[in-house]
């Protein structure tokens, strides 16, 4: 148990340091015609969150609706893999419930746009993160559904950057 807690603290520190810079390169979103959405609940997040009514499919639908409402095209998987650069918006949530008074859950949420990029050397391609944001924090153990709000805030950041890059 101590080892898991230390690993979580380490992950939270890493994400905090990684995401400390508020600069995201919105220019990388210019010309993007749509994205596929992929949601992943890492570690034991799936088990913890699903019993509280938060699952990958619900979160994916939530993200897709927000993008659609903003006028951003959501690509179905079969079209996403045929689209140049294969762009997909990846929402990853990692959480662990902890004992405390009151009990709480530690949460790390990352939102990344991943695309196939071409490397200048050797004419190779690789998957790369071309835009990202994230957050770490805690939520009351009896209110893990508030993760929707946190994930929604990150999706709003993507939407604002996308619109800022494409509506000029």
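Observations, loosely collected:
- Checking 98, 108, 70 one by one, the residue that is at pLDDT below 95 and under 23 Å from residue 35 (Cα atoms) is 108 and no other.
- Criterion (part of a strand (DSSP E or B), touching a residue at least 60 places away in the same chain (Cβ under 8 Å) and under 17 Å from residue 40 (Cβ atoms)) met by exactly one of 154, 111, 91: 91
- Take the conditions (1) surrounded by 15 or more Cβ atoms within 10 Å (Cβ to Cβ); (2) under 18 Å from the mean Cα position of the chain (by Cα); (3) at pLDDT 90 or above; residue 139 misses just one of them, which is (3).
- Selection within region 28-44: residues that are closer than 17 Å to residue 111 by Cα and over 14 Å from the mean Cα position of the chain (by Cα). The member of this set that is modelled with the lowest pLDDT is 43.
- Of all residues making up region 70-98, the number that are touching a helix residue (DSSP H, G or I) at 6+ places or on another chain (Cβ under 9 Å) and more than 19 Å from residue 145 (Cβ to Cβ): 9
- Residue within region 81-89 that is modelled with pLDDT of 85 or more, surrounded by 19 or more Cβ atoms within 10 Å (Cβ to Cβ) and within 28 Å of residue 51 (Cβ to Cβ) present: yes
- Conditions (1) within 20 Å of residue 43 (Cα to Cα); (2) touching a residue at least 40 places away in the same chain (Cβ under 8 Å); (3) part of a strand (DSSP E or B): number failed by residue 137: (2)
The values are calculated or read from the model by the stated rules, or taken from the named source; none is laboratory data. As the structure is a computational prediction, the values presented were derived from the model and not from experiment. Neighbour counts run over all protein chains shown; Cβ positions are idealised from the backbone, glycine included.
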